[in-house]
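K.L.:
The structure is given below, and queries will be raised subsequently.
The values are calculated or read from the model by the stated rules, or taken from the named source; none is laboratory data. What you are looking at is a predicted structure, and each value in this text was computed from that prediction instead of being measured. Please note: Cβ atoms are built from the backbone with ideal geometry, for glycine as well, and neighbour counts cover all protein chains shown. For the accessible areas, the whole protein counts, side chains as well, though only heavy atoms, and no ligand, DNA or RNA atoms are used. Shrake-Rupley method; radii C 1.70, N 1.55, O 1.52, S 1.80 Å.
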Amino acid sequence: MQPSSTRASATAPDAAPLPTGTPVRDDRHRPGQRAFRRANLALFAAGVATFVLLYSTQGLLPVLSDDLGLTPGQASWTASAATLGLALALLPASALSDRYGRTAVMTASTLAASALALALPFAPDLTTLVVLRVLQGAALAGLPATAMAYLAEEVHPSALASAMGLYVAGNSIGGMGGRLLSGWVAAGLGWRWGLAASAVLALLATLAFRLLIPAARHFTPAPVDARALARTVGRHLRNPLLLRLYALGLLFMAVFGAVYNTVGYRLIAAPFHLPESIAASIFVVYLVGTGTSAAAGRLSARLGRRGALYVAIATTALGLLLSLADSLALVLLGLVLITAGFFAGHATASAAVGRTATEGRAQASALYLIAYYLGNSLGGTIGADAYHATGWPGAATIGLTAMALAAAVTLYATRQAHTATRRAGQLPSRLSAQ
């Protein structure tokens with residue numbers, strides 16, 4: 001993809017050719033420029049809008065259960081449905097952004113999801129609410145499938161890490177804010193008002209995104225080639241290392257879904273009996289993930305990818321074990337460890353996907369996100385059913401099972417790496433003997 005200045009010089013009939021070795025001006029956004037600040041703020045706002053909506057029902061599941069007479073498993077479908085819809089729509093959304101443009105897809109995505117959010121408070125029953133949430137999740141897929149591609153095209157590489165960081169911060173704040181806002185409002189006014197408050201916040205963030213986002217200058221439309229896309233996806237799904245990373249993303253997110261779909265029920269029940277507004281505030285723990293995600297890179301550099309994964313798995317498992325205690329302090333400490341371990345594992349695995357895929361990186365990352373959000377849907381629903389059947393030990397057992405599987409996947413990868421290293425070390429002596 002050529003910078004606009006290069007394209008202009010190539011197409012102007014009276015333009016003199018550039019002397020050999022003349023540097024081409026790179027006009028992508030850099031720190032200090034107004035357009036750079038606008039792009040950062042726009043993507044931050046879009047991240048807030050997307051994740052406010054995606055997790056808006058998770059903070060009010062106990063209120064939904066009380067008002068509609070639902071079991072935790074039934075209520076959890078309002079959260080799982082959105083992540084399921086998002087997972088199914090990620091690849092089509094990424095293909096549409098290649099054809100119609102990043103800003104167009106992001107704008108359509110957030111506006112459509114916000115419009116559906118305005119309809120949610122009027123849902124007459126659980127079935128309608130779940131269907132609307134599936135559609136909302138599918139609409140939201142346009143942002144995570146497109147935002148990083150927009151930043152990579154429009155922001156100078158020297159500033160890309162900071163721009164990505166602010167976008168991820170918007171995701172984190174939106175995810176936490178959606179849970180807190182809907183939970184707090186629902187505790188006082190009911191779940192319909194909780195969803196309405198989330199819809200209004202998301203709509204304001206969407207409008208801010210649309211007003212701030214600079215026009216794309218480095219996007220080149222490409223036709224949607226379904227066969228080429230299928231071939232790329234097929235190659236990724238035949239790559240054993242990528243498959244292991246996808247499995248790890250699914251397993252870590254299954255723990256997160258199982259825990260955060262049910263912890264509100266536990267905190268308002270015996271022996272804690274916390275008010276619903278206080279129980280909803282537990283999502284403040286989500287902030288732990290922001291610091292942990294940043295530390296995961298340093299941990300990987302020190303211990304290697306598999307070493308970092310072992311630490312993440314052990315931290316999450318320890319948190320699950322601590323959460324079994326009937327002490328509020330130990331439960332809160334357990335949630336902190338679960339959250340830290342989850343974000344460390346997710347950050348390590350997702351970063352490894354980009355390094356492992358030598359081609360079709362966008363599709364490789366999309367497949368990881370599909371597995372990741374499917375993990376949330378599966379873990380959230382299965383964990384809520386387990387909680388309904390046996391209480392918190394059931395939900396914690398689902399999480400511990402997922403971490404045992406993650407440890408098995410990582411151990412298998414470790415043995416494969418050791419075998420490959422041993423074979424490589426034996427190769428020179430074999431060749432010299434021939």
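K.L.:
Using only DSSP helix segments of four residues or longer, with each worth -39500 (n - 2.57), what per-residue ellipticity at 222 nm results for the chain after dividing by its residue count and rounding to 500?
P.N.:
-27500 deg cm²/dmol
K.L.:
Need the full-extension length gain, Leu243 to Leu211, defined as separation in residues times 0.36 nm minus the C-alpha distance. One decimal, nm.
P.N.:
7.5 nm
K.L.:
Can you name the helices of the chain, as whole DSSP H runs, whose Cα span along the helix axis is 24 Å or more and whose Kyte-Doolittle mean is not below 0.0?
P.N.:
Helices meeting the span and hydropathy rule in the chain are 34-54, 72-100, 102-119, 157-189, 191-212, 240-268, 288-322, 328-356, 361-390, 392-433.
K.L.:
Can you tell me which of 275-285, 228-238 comes out highest on packing, and rank the rest after it, using the mean Cβ neighbours within 10 Å?
P.N.:
In decreasing order of mean packing, 275-285, 228-238 become 275-285, 228-238.
K.L.:
Still on this model: Taking only the Cα atoms of the chain, how large is their convex hull per residue, in Å³?
P.N.:
Cα convex hull per residue, to the nearest whole number: 178 Å³.
K.L.:
What percent do you get for the relative contact order of segment 46-103 when only Cα pairs under 8 Å and 6+ apart count?
P.N.:
Dividing the mean separation by the residue count of segment 46-103 yields 29 percent.
K.L.:
Put a dot 7 Å past each Cα toward the Cβ at Thr128 and Leu88; how far apart are the dots in nm?
P.N.:
Going from the Leu88 label point to the Thr128 one covers 2.1 nm.
K.L.:
Going highest first, how would you order 173-186, 320-333, 360-373 by mean Cβ packing within 10 Å?
P.N.:
173-186, 360-373, 320-333
K.L.:
Let me see the P(r) profile for segment 74-119: every Cα-Cα distance counted, bins of 5 Å, each bin given as a percent of all pairs.
P.N.:
5, 19, 22, 26, 16, 8, 4, 1
K.L.:
Now for a different question. Plugging the Kirkwood radius over Cα pairs into Stokes-Einstein for segment 102-141, at a temperature of 10 °C and a viscosity of 1.306 mPa s, what D comes out in µm²/s?
P.N.:
154
K.L.:
Still on this model: Cα centroid distance between segment 67-110 and segment 347-361, in Å?
P.N.:
23
K.L.:
Additional query: Taking a cut-off of 15 Å, what percent of all Cα-Cα pairs in segment 64-146 are separated by more than that?
P.N.:
When every Cα pair of segment 64-146 is considered, 57 percent fall beyond 15 Å.
K.L.:
How much length is gained on full extension from Leu118 to Thr401, taking 0.36 nm per residue of separation minus their Cα-Cα distance?
P.N.:
Full-extension gain reported as 98.1 nm.
K.L.:
Rg and Dmax of segment 99-191 over Cα atoms: what are they, in angstrom?
P.N.:
16.1, 51
K.L.:
Thr358 accessible area, nearest 10 Å², 1.4 Å probe?
P.N.:
The value for Thr358 is about 120 Å².
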